[in-house]
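Step one of this worksheet: look at the structure below.
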Amino acid sequence: MAEFFAQYMPAWGAYLLTALISVALLLAVVGLGALFFIWAERKVAGRIQDRLGPTRTGGKFGWLQSLADGIKLITKEDLAPADADRLLFRLAPYVSLAPSYAALLALPFADGWVGWEINTSVFFLLAILGLEVFGVILAGYASGSKWSLFGGMRQAAQVVSYEVPLGMCGVIPVFLCGTMSLTTIGNMQAGWATNWLIFHDPFTFMVFWVYFTCAVASVNRAPFDLAEAESELVAGFHTEYSGLRWSFFFMAEYNSMFVVSGLAAVLFFGGWNGPVPIFASWKAAGGGWEIVADLAGCLNFIGKAVLGVMVMIWVRWTLPRLRIDQVITTCLKYCVPLAAFCFVGALAWQLASLPSPNDWLSPDPAGRAAVREPWVERAEDGAERSGTSGAEELARLAEDKR
Amino acid sequence: MSLIYIPLVALMLFAAAMAVGMIAVGHFIGPRRSTPVKRMPYESGMDPVHDARRRFDIHFHLIGILFLLFDVELLFLYPWAVARANPEGLDALAEAGWAVDRGLILGEVLFFLVLLALGWVYVWRRGLLRWR
């Protein structure tokens, strides 16, 4: 897009315009996404508990329920307790919301459809998602209420613990692909579903489940929602919040759910590359067809991410909540060693050049085994690996195969 | 400042403007009738006992320290994961006089993980994972 605008204006102007357009699009996605997920959660929860959920607002299925709730929340009184640390109390919702928005910036929706193309996006995403915990700790501490304090402390212990296995799971696709750029990682999984990294070897298959568990814990969802724990801590860290400030925590939570599911989709499920490579030829055709292929890929990616969110919702309404010591034990005694084991296993699998299902299942030689050990690639062609542009990378890999 | 940070700054400004705007709208629309009872911290309908800022379990602090140890060390894995696949990283290693081969790359990270595992076993033996 920046190239298109650059025909009409100086480079910095084109860059700024591109940035503004993508940021506006992302914010729209975020707003609508949160409304949709909250509605979906209420419907799914209703069905799981054998009731209907919202049915009236907006005609059928109560699809305007979240919007109505939003309007109601705007008209509510914005209260702060007398004991609260006023500045921190007011700041906390923003601190919670901003990182979860900023994380979307580096998440690619299709090949090249990313708000901010950086070659360290995996790292950026994990780092910025880790910032969200500050908002909850601030809210818990600043409220001046005991329930809030308990919630905030639990959240702090839980989220920082789960950062460790989450980072370890995230590094596995990174070293398999040899890059931290999510666009490149997604493009390397083009072709059939057998080329997805989750099917690369048994260890990546195993580590996806560890990743998903840790992701659920790190976005503070049941069965790990100890910071809220409505049956024991009233409402945990947001007990004292009301109105829109309160809703910001939820927008942040639903948005983070989408981000971690999207990250899982790119890291393990091929991102915008479908189970069957239908759009590969369209992509190659260029011009308008390329945009159609990208749009289909974008829908594909959103579908996978929404599926992840739906699984989280399903888990929330099915499993009972853990105790804080069980949460910490699950992380440090099970998730961390499992992730480390999978790390070593996947590394050994790749270094020994053991087969992945893609080697014999894929009927299409050109799309086969785009995920290769970078070391072998280098020894073969000796060419420079810039690792900046995903499309170039893919073209080069396809060339190597022929 | 480099052009590359423009999207990040733009997003921060947009998000902040949106959030502050929404709060401001709520501020003007919503009622403001504060009473002493409303401003009390919620304690299940009772009058609050004591201040909320009191001592809590030392375990939360220890878990925080544990996180610092493990996570900061884990961050080294990311540069390693990229450098091992990158000619620049490998050439730098070769220039430094290392015989670069697969064994070394595996050995390096295994050594690192063994160090982490030792720390982890120590933490476990010291009973940090046990809540009483």
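The values are calculated or read from the model by the stated rules, or taken from the named source; none is laboratory data. The structure displayed is predicted, hence computed values, not measured ones. Here Cβ is always computed from backbone atoms with ideal geometry, including for glycine, and neighbour counts include all displayed protein chains. Heavy atoms of the whole protein, side chains included, go into the accessibility calculation; ligands, DNA and RNA do not. Shrake-Rupley method; radii C 1.70, N 1.55, O 1.52, S 1.80 Å.
Quick check: net charge around A:L233, other residues with Cβ under 15 Å of its Cβ, Lys/Arg +1 and Asp/Glu -1? Working shown, then result.
Numbers: positive: A:K146, A:R154, A:R321, A:R323; negative: A:D225, A:E228, A:E230, A:E232, A:E240, B:E43, B:D57.
Charge balance in the 15 Å sphere: -3.
Other residues lying with their Cβ under 15 Å from the Cβ of A:A265 contribute a combined charge of 0, Lys and Arg counting +1, Asp and Glu -1. Exceeding 27 Å between C-alpha atoms, which entries from my cross-link table qualify? They are A:K43/A:K283; A:K43/A:K304; A:K43/A:K76. A:K43/A:K283, as the Cα separations exceed 27 Å there. Each listed q (0.19, 0.25, 0.27, 0.29 Å⁻¹) maps to a log10 I(q)/I(0) for the stretch A:104-155, found by the Debye formula over equal Cα scatterers with no solvent: -0.65, -0.83, -0.91, -0.99. Under a 10 Å cutoff between Cα atoms, tell me which one of A:I198, A:I71, A:I118 has the largest fluctuation in the Gaussian network model of chain A. The residue with the greatest mean-square fluctuation here is A:I71.
Do the sum for chain A: with -39,500 (n - 2.57) for every DSSP H run of n ≥ 4, divided by all residues, what is the mean residue ellipticity at 222 nm, to the nearest 500 deg cm²/dmol?
Mean residue ellipticity at 222 nm (helix-derived): -21000 deg cm²/dmol.
The largest-to-smallest principal axis extents of the Cα set in the protein assembly as shown are 76, 62, 52 Å. Computed over neighbours whose Cβ is under 15 Å from that of A:L79, the net charge equals +3, Lys and Arg +1, Asp and Glu -1. Each 10 Å bin from zero holds the following percent of Cα-Cα pairs in the stretch B:56-126: 17, 39, 24, 15, 5, 1.
Sort A:K333, A:K60 by heavy-atom solvent-accessible area, probe 1.4 angstrom, most to least. Write out the running numbers ahead of the final one.
Working: A:K333 55, A:K60 145 Å².
If we order A:K333, A:K60 from most to least accessible, we get A:K60, A:K333.
When averaged across all projection directions, what area in nm² does the alpha-carbon convex hull of chain B cover? Write out the running numbers ahead of the final one.
Details: hull surface 66.9 nm².
Over all viewing directions, chain B projects a mean Cα-hull area of 16.7 nm².
Converting phi to 3J(HN,Hα) with the Karplus coefficients 6.51, -1.76 and 1.60 and the offset θ = phi - 60°, the stretch A:148-164 yields 4, 4, 4, x, x, 5, 4, 4, 4, 5, 5, 5, 5, 5, 6, 4, 5 Hz in sequence order, with x at every glycine or proline. Rolling a 1.4 Å probe over the heavy atoms of the protein chains gives the stretch B:56-126 an accessible area of 60 Å² per residue.
Direction-averaged shadow area of the convex hull around the Cα atoms of the stretch A:78-368, nm²?
Details: hull surface 62.5 nm².
Mean projected area for the stretch A:78-368: 15.6 nm², to one decimal.
Rolling a 1.4 Å probe over the protein chains gives B:L68 an accessible area of about 90 Å². With every protein chain in place and a 1.4 angstrom probe, the accessible-area ranking of A:R154, A:R51, A:R56, largest first, reads A:R56, A:R51, A:R154. Computed over the stretch A:198-289, the range of Cα coordinates on each principal axis works out to 57, 37, 13 Å, biggest value leading.
Projected onto its three principal axes, the C-alpha set of the stretch A:1-75 covers 58, 29, 17 Å, listed from the longest axis down. Measuring only protein heavy atoms, the 1.4 Å probe finds A:W192 accessible over about 80 Å².
Under 5 Å from the amide H of A:W113 lies no amide H of any residue 5 or more positions distant or on a separate chain, with H modelled from the backbone and absent for Pro and chain starts. Per-residue surface analysis assigns A:R90 an accessible area of about 90 Å², computed on protein heavy atoms at 1.4 Å probe radius.
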